[in-house]
Every structure is written in C-alpha cells, then in structure tokens.
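A quick write-up on the structure given underneath.
Only the coordinates and a few stated rules stand behind these numbers; no lab work does. None of the values given here were measured: they were computed from a predicted structure. Heads up, the Cβs are rebuilt from the backbone with ideal geometry, glycines too, and the neighbour counts pull from every protein chain shown.
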Amino acid sequence: MKVGFIGLGNMGGAMAARLLAAGHELTVYNRSADKTRPLVALGARLATRVAEACHGDAVITMLANDEALERTAFDQGGLIASCERGLTHISMSTISISLSARIAAAHAEAGQAFIAAPVFGRPEAAAAGKLFIIAAGERARVDACETLFSVLGQKTFYLGTEPTAANVVKLSGNFLIASVLESLGEAMALTAKAGVDQRAFLDVLTSTLFNAPVYKTYGSMIVEQRFEPAGFAATFGLKDIRLALAVGDHLNVPLPLASLLRDRFLALLAQGGESLDWSAISRLSFTDAGQGHAPP
C-alpha cells in the first residue's frame, strides 16, 4: 500500500520501519527531521510538510498527545485539508475520546475515512511486529487496512463502527497497566523490607498467580531499577490516566484508583522523574517504606 506516516518517536519509528521492510511505499513526516533520516535511508520518501504525506491509500498518525494530533489534523495544510477524498486516516495514538469523535466527524464531512487503531505494546514489540491493535471504524475500511495491521501486530481486535470505542479500550488498558505498576511496587517494597530476595519473589509471582507478560516485563524492570531510557515515559502515563479520568467524568463512572494513580505520577514528576519510564512510580513505594530504592 501507499502510506503516509506521521510521528516517528519510539513507537512510530519502529512501526514505520516494519512497514518499509514489508514492501509498503512510505512517505514519512516528523516535526524534528532527524528522526526521518534512518527511514529515508531505508527507502522512505521524505515529507517536509504534513500535506506531502496525505496522498495514497492511507495515512497513519502516531503522535504523543491530543495537542499534537489536533494540530496535525486541523491546522491549515493539515490532514483534514490535505487528505484526498476516500483516503483513510488511521490514528494509532492514545488520545481522548472527544478528539477522536471530532476528527472522525471532520473526516466524514470531507469525504475521508477515519479508523481509531491504538496499540498495546512497548517499542520492542513494535520493532518485532508483535503489537496488539485495537481497531474501530467502518468494517470495510478496517479490513482493507489489515495488510498494514498484520505487519505491525500479532492480532487485530475489531470493536465496531464507532472509533471512540477503540480509544476507551486503550485508555482502560493503560489504566490497568498503571494499576499493576503501583501494586507491584507496593508488594515488592513490602517483601524487600522483610528481607525477601526480589528476584525470587518475582519468580514466585510470575510462575504462579501472575504468569503474564505485564508482570514479567515490568517486574524485571522494577527489580533491576531499569527506568532509563524510557520505553513509555512517566509524562505519558500521567497523560493517559488523566484521559481515563476524563472518560469517567463524561460517563459518570467513578475511578477512585485512577485518581490515586494520577497523584502517584504527579509525585514522581515532582521528584524529577520526567525522563523515566512510567514503571518508575514503583520507586515511590520503596521511598515511602524508607528504602530509597528497590534492592536487587
């Protein structure tokens, strides 16, 4: 397929490289041009403006937040103004349901299609094509994009014609991951202060009650205090928890644990943790327990 790709951060860069390797014709755009160079070296066409990436079969956006996507979509020379009629915009970012609905409506009015397709998985999963893709939008459009999704992920979940359904599921999933990070941090601080070897404790957890990748991956990061470089920065964790709380406000659904997680991320950032992986909220539990950091 002929695809534009906008947003080449840790996730987007890895995803774009996968599509190039699979033989798709890619035009790439990023606000900081240095991130386009490795992809251009692999055969991608360079776009110097958003509009130059808006031709072909589809354009994928993988941007950091609502502000970046809103600017890319609605500014003069942005997606809505520049995409050809019939082109499909695939938004793979983690964004608010309000922005998703606005963009979907604007694309429909312009004769363009919109699919929300956020992903579960860290940069290493993106590089290996092992993401899980949560897609919602017109079924025929989602099916037509499966040739892209099959390169990027190991499975695509279709959640219906309303794009915001995919955004709600993504935010709910990230809320659950953050809940795991907090509870793991607390449990590991407790057992560490009792003198239990942390690798042995993690082995017990992941071999019995919690034999799941989220516990294995993040548990190892906590034991090793491996929070840099950030695969998913703490600032993004705070952003996603705030977006989940906004959905709760919109639907009158109390999310008391999400409120706690918001405060934990705020505490981490207040202590200078902006550059750390979001799993670093676990450090707060060790500090609270008078331990300073997780012992090996």
Using the per-residue mean of other Cβ atoms lying within 10 Å as a proxy for protection, in what order, highest first, do the peptides 46-53, 247-254, 93-100 fall?
93-100, 46-53, 247-254
Around I281 (Cβ within 13 Å, Cβ-to-Cβ, excluding I281; K/R +1, D/E -1) the net charge comes to -4
Pairwise over distinct Cα atoms, reciprocal of the mean inverse distance: report the Kirkwood radius of the chain in Å, one decimal place.
20.0 Å
Taking amide hydrogens as modeled 1.01 Å from N in the peptide plane, which residues meet the under 5 Å criterion relative to H89, leaving out close sequence neighbours?
V59, A113, F114, I115
Please give the length that would be gained between L190 and A101 if that part of the chain were fully extended, namely 0.36 nm times their separation in residues minus their C-alpha to C-alpha distance (nm, one decimal).
27.7 nm
Of P256, V223, A267, farthest towards positive along the dipole that unit charges on Lys, Arg, Asp, Glu beta carbons give the stretch 168-288
P256
Per the rule of 0.36 nm per residue minus the C-alpha distance, extending T48 to E124 adds in nm 24.6 nm
Exceeding 28 Å between C-alpha atoms, which entries from my cross-link table qualify? They are K193/K216; K2/K216; K35/K170; K35/K216; K193/K239.
K2/K216; K35/K216; K193/K239
Residue span T287 to F157: 0.36 nm per residue of separation minus Cα-Cα distance leaves a gain in nm of 42.9 nm
So what's the convex hull volume per residue for the Cα atoms of the stretch 1-111, in Å³?
84 Å³
Please report the spacing between the Cα centers of the stretch 257-296 and the stretch 65-122 in Å, no decimals.
33 Å
Determine, for each peptide in 67-74, 31-38, the mean count of other beta carbons within 10 angstrom over its residues, then list the peptides with the highest first.
67-74, 31-38
Determine the sum of side-chain charges near T36: Lys and Arg each +1, Asp and Glu each -1, restricted to other residues whose C-beta is under 14 angstrom from that of T36.
+3
State the dimensionless ratio Rg/Rh of the stretch 168-288 (Rg: radius of gyration of Cα atoms; Rh: Kirkwood radius).
0.98
When H24, H55, H89 are ordered from fewest to most other Cβ atoms inside 10 Å of their Cβ, what list results?
H55, H24, H89
Tally Lys and Arg at +1 and Asp and Glu at -1 over the other residues with C-beta under 11 Å from the C-beta of A135: what net charge comes out?
+1
